[in-house]
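Asker: Here's a structure for you.
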Amino acid sequence: MRTESNLLFIFITGIFFMVVFLLGILALNLPFWIGDLKSCYRMMDPSDFVLNHIHIFFYILLTLLLFGMVLRMLFTGFRELYGAVLRYRYMDRVTIKRFRNISVIDTDRPVSFNLFGRIFISTGLLKGLNRKEKKAVFLHEVGHLKNFDSFKYILVGIFLSVFPDFYRKKLQFLFILSSEINADHFSLKATDRKSLSTALLKIIEENSPYPAWGNMAEARLRAIIGEKINLRKNPVYHGYMAVISLILAVIVLRTCFCGVM
């Protein structure tokens, strides 16, 4: 599952850079297409002009759309990084104990997470779980730490911001779920399935206002008991095919259909 999580990260990063490459091709051809439209408009009937240049209009619209998405990505990147820094500072203020790269934070809600290479565990989690469950949760967080998941979450959030929300949410959920299952598998190397399962159920029960916990719980529990989880990667493949198709269309159908240019 660790390989699968890392592959998803590589795939998502690849789609992002392919979109940037597509935008570069479109931007380089933009002056040519504008000149094409000006020349052909003077020589052709309006209806023929539109029919023979429909793909050029699409390319120009796509260029503007992608440019807007990249601007949104830059804004999202700044917001994500700034937000992560603020969260880290806040967690540092509410920390009551430190053990190397582990911090205990003062809150009754049972939570544990990674941020910038540090593990944060709440007092509520320490009070609500037994010794074996605490060990299972701690090892789960070590699994995240070893796979640099907290940094990858930020990067994936930034990369996926260039895509429409419906596609972004699918890929983000898929990546986070694969990372959680990977961390669970790491924990199971030194703990038992029952302790990890009961710890997960207790944490979900106390964090019920957060839908994302419940949405992933079933798949995680199935993976913990040994069932092989087949993550549906269709959104990843569809993304690749769509971007590759657009790149090929721009290269093959670069000129207008009328042949004037």
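Asker: Find which of I34, P46, L8 sits farthest along the positive direction of the dipole of the range 1-90, computed with +1 on the beta-carbon of Lys and Arg, -1 on that of Asp and Glu, about the Cα centre.
Answerer: L8
Asker: May I pose another question? Enter the angle in degrees (range 0 to 90, nearest 10) between the Cα long axis of helix 211-224 and the first principal axis of the Cα atoms of the chain, meaning the one along which they spread out most.
Answerer: So the inclination is approximately 70 degrees.
Asker: While we're here: Given (1) 37, 32, 15; (2) 49, 19, 13; (3) 29, 27, 15, which label gives semi-axes √(5λ) of the Cα gyration tensor in Å as computed from the coordinates?
Answerer: It is the one labelled (2).
Asker: What is the calculated FRET efficiency for L28 to L7, with r their C-beta to C-beta distance and R₀ = 30 Å, to the nearest 0.05?
Answerer: Plugging the Cβ-Cβ distance into 1/(1 + (r/R0)^6) gives 0.45.
Asker: Sticking with this one: Roughly how many percent of the accessible protein surface of the chain is carbon and sulfur, given a 1.4 Å probe and a whole-percent answer?
Answerer: 65 percent
Asker: Could you sort out which of K170/K194; K97/K134; K169/K202 sit more than 28 Å apart by Cα distance in this structure?
Answerer: Beyond 28 Å between Cα atoms: K170/K194.
Asker: Leaving out ligands and nucleic acids, and using a 1.4 Å probe, what accessible area per residue does the chain come to in Å²?
Answerer: Counting only protein heavy atoms, the per-residue value for the chain is 56 Å².
The values are calculated or read from the model by the stated rules, or taken from the named source; none is laboratory data. Not measured: the values here are computed from a predicted model. Neighbour counts are summed over all protein chains in view; Cβ atoms, including those assigned to glycine, are modelled from backbone coordinates with ideal geometry. We work out accessible area using only protein heavy atoms, side chains counted, and drop any ligands, DNA or RNA first. Shrake-Rupley method; radii C 1.70, N 1.55, O 1.52, S 1.80 Å.
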